[in-house]
Amino acid sequence: MMTGRVAANVVIGVGALYALLPLVWLLLASTVDTQALFASDFFSLDNSAFADNVKGLFTQEKGIYGRWYLNSVLYAVGGAAFGALISTAAGYVFDKFSFTGKNQLFALVLVSVMVPAAVLALPLYLMASAAGAANTIWSVIIPVLFNP
């Protein structure tokens, strides 16, 4: 009984290390200069370049990384907030009101949950392109808002 627990904990520990080591390597690699990175000399304090690396990241190509980061925050936070608001309103309607076709519409929502997002990527792009919304904020936000 005890050996089974120990074995399970060892397997979980090894799995956790396997999952976390790339993250640790990424964090260590961001703190050293290029020479130390290619020499795998992460732990020497002489090669510390974290501030220079961050400055270089935010000044590269006129600060495009900052714009990308803000776009990601906008899409994630804004899309999640508005999507949750719409989903909550739809759930409230399904729970509190009776209307013709309610069961069929609810079944359609349940079936659409089973469709993988990758299957919808090309049709959503083609629809956004036909509407002239490709490469805009709306082509990212609108599909998130009406996620079943």
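Couple of notes before you dig in:
- Less than 5 angstrom separates the built amide H of V32 from those of A49, all sequence-distant by 5 or more or on a different chain.
- Listed peptides 54-65, 136-147 by packing density, highest first (mean Cβ within 10 Å): 136-147, 54-65
- Surface exposure of the chain, expressed per residue as accessible area with a 1.4 Å probe, stands at 81 Å².
- Cut-off 14 Å between beta-carbons: net charge of the residues surrounding E61, Lys and Arg +1, Asp and Glu -1: +3
- Between the range 61-133 and the range 13-58, the alpha-carbon center distance in angstrom: 37 Å
- Only DSSP H runs of four or more residues enter the estimate; each adds -39500 (n - 2.57), and after division by the residues of the chain the mean residue ellipticity at 222 nm equals -22500 deg cm²/dmol.
- The alpha carbon convex hull volume per residue for the chain rounds to 241 Å³.
- Within the accessible surface of the chain, defined with a 1.4 Å probe on protein heavy atoms only, the carbon and sulfur portion equals 71 percent.
- Over the range 1-47: Kirkwood hydrodynamic radius from C-alpha pairwise inverse distances, Å: 12.7 Å
- Computed from backbone phi, the HN-Hα couplings of the range 89-95 come to 5, 5, x, 5, 4, 4, 7 Hz, rounded to whole numbers (Karplus: 6.51 cos²θ - 1.76 cosθ + 1.60, θ = phi - 60°; Gly and Pro given as x).
- Cα extents of the range 64-145 along the three principal axes, largest first (Å): 50, 25, 22
- The chain: angle of helix 64-73 to the longest principal axis, Cα-based, in degrees nearest 10: 40 degrees
The values are calculated or read from the model by the stated rules, or taken from the named source; none is laboratory data. Remember, it's a predicted structure, so these values are computed and weren't measured experimentally. No Cβ is skipped: glycine too gets one built from the backbone with ideal geometry, and neighbour counts run over all protein chains shown. Note: areas computed on protein heavy atoms with side chains; ligands, DNA, RNA excluded. Shrake-Rupley method; radii C 1.70, N 1.55, O 1.52, S 1.80 Å.
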